[in-house]
Amino acid sequence: MTTREPAYSPETVLVEAARPPRVPGASVNPPIELSSTFIGTTGMGDAPFGYGRLDTPAWTPFEEALAELEHAPVPGLVFGSGLAAIAAVLSLVPAGGTLIIPRHAYQGSLQSADELAARCGFTVLSVDIADTEAVIAALDTATGFDPTTATDPAAATDPAAASAMVWIESPTNPMLEVADVPALIAAARQRGVLTACDNTFATPLLQTPLDLGADIVVHSVTKYLAGHSDVVLGAVLVSDPGLRETLLAERAMRGAIAGPFEVWLALRGMRTLSVRLDRAQANAQTIAERLSERAAVLEVRYPGLPTDPGHARAAAQMSGFGAIVAFTVDSAQTATAIAEAVRLWTPATSLGGVESLIERRRRHASEPETVPEGLLRLSVGIEHVDDLWADLDTAITAATGTKAASPGTGAESSSHRDAQANA
Ligand SMILES: *Cc1c(COP(=O)(O)O)cnc(C)c1O
């Protein structure tokens, strides 16, 4: 499968893609197309658009721009939410087949997988996605593959014939584990297993799994791509045109479609992705470093820290470490107290917006028990990093009575910190 080679670097593609033709007096931005039906010639099949649930020009600019970024040879498919996109992809696993899925991943993906498996009759194998050998063993279990008689290591998967799918999320939510993405995709292809990557955390600026041979990429567009916490939207990208047809039919039949205004906002937000991500990543690196030196913080997970278990892998396969950081304190109570004490960070779920968010994940009953009670997930935004650190540092002091271990990293005066600690 050849992927389309964009003429420009991704930073430029973000800004340049999907503009209307350059005609004097024309709009610089694509319009918001509001029409549920389109004029036919002799019947619906003859015109490029017929009815708004099947396809509409309101989606085209976004779907083409995202395909260019993810190096997909065919346009993407926008869905009404990330989870709608994920559900459409999971529907490809046939009855009697197998889905291999990370034990830590976006909670909705895990729940959706379990629910679909029970209803449709396929098996779910839960794996530690960072443990490559364990994932490959699961691939062998799912396919009866015998590595000793293997022939073609570069084999491709026939999407129509595959009876198993491996779901890759890297880095994982909320534990920030890093999978060996190239190795897992190669192993899946060799065994005829479909590969789907949730690329929400990385964005196409940090990794493009289709280039490595992945069959499917999904996004919660809600997060970094749209970037302003004002839309809920999802997307699927594929390398195989037949697979696109299957997923397009799934979208049209289930009707999990996106509204024109949301899609327009997503493209508008995506224009600034590279500058937002640059700032957010730089902030995340600094916050992660300062947290690692902070008394009361037991563990920090961020692939950008040289001491992080996923650092070498992330450095090899990603062009940046992203802007999600997880850290652990001694208890649920302490974590909750920190999330309640912040004033600049917003205590809220979701991620990838310009504003920094903080959330204790285990407060959700559905979260796996392997996620520590005292884990806080940070979605680091684009504010000034010293303001972010001062606020977090003060909140940690207030919640734990400890002070920053290394002077000079916090922007707050110590007397202000003492006042907070006593509050
Ligand atoms: C939020 C999220 C989703 C779900 O997307 P929605 O737009 O909320 O439906 C899927 N995967 C990841 C990694 C997410 O963060």
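The values are calculated or read from the model by the stated rules, or taken from the named source; none is laboratory data. All figures in this text were calculated on a predicted structure; none of them were measured in a lab. Note that each Cβ is placed from the backbone with ideal geometry, even for glycine, and that neighbours are counted across all protein chains shown.
Worth a mention:
- Just one of (1) outside any loop (DSSP other than H, G, I, E, B); (2) over 30 Å from Arg360 (Cα atoms) fails for Ala196. It is (2).
- Any hit, the stretch 124-133, residues being out of contact with any helix residue (DSSP H, G or I) (no Cβ under 8 Å at 6 or more places or on another chain), within 12 Å of Ala187 (Cα to Cα) and more than 16 Å from the ligand (Cβ to nearest atom): yes
- Conditions (1) within 21 Å of Phe79 (Cβ to Cβ); (2) over 15 Å from the mean Cα position of the chain (by Cα); number of the one not met by Lys223: (2)
- All positions within the stretch 230-247 that are within 13 Å of the ligand (Cβ to nearest atom) and assigned to a loop (DSSP other than H, G, I, E, B): Asp230, Val231, Val232, Leu233
- In the stretch 192-203, the residues that are on the phi < 0 side of the Ramachandran plot and without any contact (Cβ under 8 Å) to a residue 40 or more places away in the chain reach residues that are within 11 Å of the ligand (Cβ to nearest atom) and hydroxyl-bearing (Ser, Thr, Tyr) with C-beta atoms within less than 8 angstrom, at least six apart or across chains, in these pairs: Cys197/Ser170.
- Selection from the stretch 64-96 of residues that are assigned to a helix (DSSP H, G or I) and either in contact with a strand residue (DSSP E or B) (Cβ under 7 Å, 6 or more places away or on another chain) or within 14 Å of the ligand (Cβ to nearest atom) (or both): Leu66, Ala67, Glu70, Gly82, Leu83, Ala84, Ala85, Ile86, Ala87, Ala88, Val89, Leu90
- Taking each residue of the stretch 371-398 that is under 22 Å from Gln281 (Cβ atoms) and looking for partners that are assigned to a loop (DSSP other than H, G, I, E, B) and charged (D, E, K, R) with beta-carbon atoms closer than 6 Å, six or more apart or interchain, yields Gly381/Glu355; Ala390/Glu412; Asp391/Arg343.
- Of the residues making up the stretch 214-229, those that are touching a residue at least 60 places away in the same chain (Cβ under 8 Å), of a type outside the set (A, V, I, L, M) and more than 9 Å from the ligand (Cβ to nearest atom) number 4.
- The residues of the stretch 208-222 that are surrounded by 24 or more Cβ atoms within 10 Å (Cβ to Cβ) and outside any strand (DSSP E or B), listed by number, are Pro209, Leu210, Ala214, Asp215, Val221, Thr222.
- Matching residues, the stretch 186-203, being closer than 23 Å to Ala150 by Cα and either within 13 Å of the ligand (Cβ to nearest atom) or among the basic types (Lys, Arg) (or both): Arg189, Arg191, Ala196
- Within the span defined as the stretch 97-120, every residue fails to be surrounded by fewer than 15 Cβ atoms within 10 Å (Cβ to Cβ), more than 15 Å from the ligand (Cβ to nearest atom) and in a loop (DSSP other than H, G, I, E, B).
- Scanning the stretch 373-417 for residues that are among the polar types (S, T, N, Q), in a loop (DSSP other than H, G, I, E, B) and either modelled with pLDDT of 95 or more or under 28 Å from the mean Cα position of the chain (by Cα) (or both) yields nothing.
- Of all residues in the stretch 332-344, none satisfies being modelled with pLDDT of 95 or more and within 19 Å of Thr172 (Cα to Cα).
- Filter pass, Leu206 being of a type in the set (A, V, I, L, M, F, W, C) and either within 19 Å of Ser274 (Cα to Cα) or away from the ligand (no atom under 16 Å from the Cβ) (or both): yes
- Looking at Ala282, Ala323, Ala339, just one residue is within 25 Å of Val221 (Cα to Cα), out of contact with any helix residue (DSSP H, G or I) (no Cβ under 6 Å at 6 or more places or on another chain) and not acidic (Asp, Glu), and that residue is Ala282.
- Here the condition is being touching a Leu at 6+ places or on another chain (Cβ under 7 Å), surrounded by 18 or more Cβ atoms within 10 Å (Cβ to Cβ), not hydroxyl-bearing (Ser, Thr, Tyr) and not in a helix (DSSP H, G or I); of Ala288, Ala258, it holds for Ala258 alone.
- For the stretch 315-333, the set of residues classified as under 23 Å from Arg276 (Cα atoms) and free of Cβ contacts under 8 Å to residues at least 40 places away in the same chain consists of Ala315, Ala316, listed by residue number.
- Some residue of the stretch 359-367 being hydroxyl-bearing (Ser, Thr, Tyr), modelled with pLDDT of 95 or more and outside the structural domain of Cys197 (by the TED database): no
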